[in-house]
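Only one structure is covered here, and it is reproduced in the block below.
The values are calculated or read from the model by the stated rules, or taken from the named source; none is laboratory data. All values reported here derive from a predicted model rather than from experimental measurement. All Cβ positions, glycine included, derive from the backbone under ideal geometry; neighbour counts span all protein chains shown. All accessible areas refer to the heavy atoms of the entire protein, side chains included, with ligands and DNA or RNA removed. Shrake-Rupley method; radii C 1.70, N 1.55, O 1.52, S 1.80 Å.
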Amino acid sequence: YESSKKEHLSVLTNAGLFDTSHMAFVMVSGKDAYQLLQYCFTNDMDSCVGKNKTPLSAGRCAYGAFLNERGHVIDDSIVYKFSDDQFMAVVNAGMGSTIAGHLESLRKGREAEIVDLTDKVGKIDVQGPISAKILSRLLANAESVFDAMPYFSFKGHFDSSSPLSESV
């Protein structure tokens with residue numbers, strides 16, 4: 001690109017490929033994982049999906065923030081729900097240990113395991129209005145994948161035994 005403005009406009013009108021491996025990943029799992037995140041995350045996971053404000057379900061994600069004890073933002077985040085007892089928070093670069101420590105400090109007897117996966121996960125994003133068209137060239141069943149993916153949803157999992165790790 002000749003300028004950052006052209007790059008920005010290209011992503012808004014077409015698509016762009018970004019190495020987002022610098023992002024931080026924190027897994028929260030266990031019987032009380034949902035309860036811990038519901039307490040710590042600014043978005044109400046009982047009513048955060050779509051116009052009808054339905055609860056966060058497996059394969060969906062929600063945007064919000066983690067706040068400190070004074071109500072100041074520590075970092076914004078997207079929380080992904082894998083199952084009723086397994087979630088992943090993606091936060092900005094360098095914030096994985098901070099958010100993991102914050103969640104750990106607020107765990108207070110809840111049955112939840114917090115694991116910072118920042119140095120163990122790589123991520124590439126394809127963003128922009130023609131992203132699906134580009135990705136459809138790589139997927140075996142593109143139409144069935146995209147037809148079943150509403151806004152702010154995801155497919156896949158790190159664990160091949162998860163129902164979310166179906167082949168795409």
Quiz item: By how many nm would the segment from ASP44 to ASP119 lengthen if fully extended, with 0.36 nm per residue of separation less the alpha-carbon distance?
Solution: 24.1 nm
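Which order do peptides 60-69, 143-152 fall in by mean Cβ count within 10 Å, highest first? Present the calculation step by step, with values, prior to reporting the outcome.
Working: 60-69: 16.0, 143-152: 11.9.
Output ranking for 60-69, 143-152: 60-69, 143-152.
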Exercise. Would you mind getting the accessible area per residue of the chain, heavy atoms of the protein chains only, 1.4 Å probe, in Å²?
Key: 60 Å²
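Please give the FRET efficiency for ASP84 paired with GLU143, using the beta carbon to beta carbon distance and R0 = 41 Å, rounded to the nearest 0.05. Walk me through the numbers on the way to the answer.
Numbers: r = 30 Å, r/R0 = 0.72.
Using R0 = 41 Å, I get an efficiency of 0.90.
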Quiz item: Between ALA132, ALA140, ALA112, which gets the highest mean-square fluctuation from a Gaussian network model of the chain, Cα cutoff 10 Å?
Solution: ALA140
Practice problem: State log₁₀ I(q)/I(0) for segment 37-168 at q = 0.14, 0.23 Å⁻¹ as given by the Debye formula over alpha-carbon point scatterers of equal weight, solvent excluded. | Solution: -0.73, -1.59
Quiz prompt | Residue-by-residue Karplus 3J(HN,Hα) for segment 138-151, coefficients 6.51, -1.76, 1.60, Hz, glycine and proline x | solution = 9, 9, 5, 10, 4, 4, 5, 5, 6, 5, 9, 10, x, 4
Quiz prompt | Sulfur and carbon atoms: percent of accessible area, segment 48-168 [1.4 Å] | solution = 51 percent
Self-check item: Phi-based couplings in Hz for segment 50-62 (Karplus 6.51, -1.76, 1.60; Gly and Pro marked x)
Solution: x, 5, 7, 6, 7, x, 5, 10, 4, x, 10, 9, 9
Self-check item: Fully extended contour minus Cα-Cα distance, from SER105 to VAL73, at 0.36 nm per residue
Solution: 9.9 nm
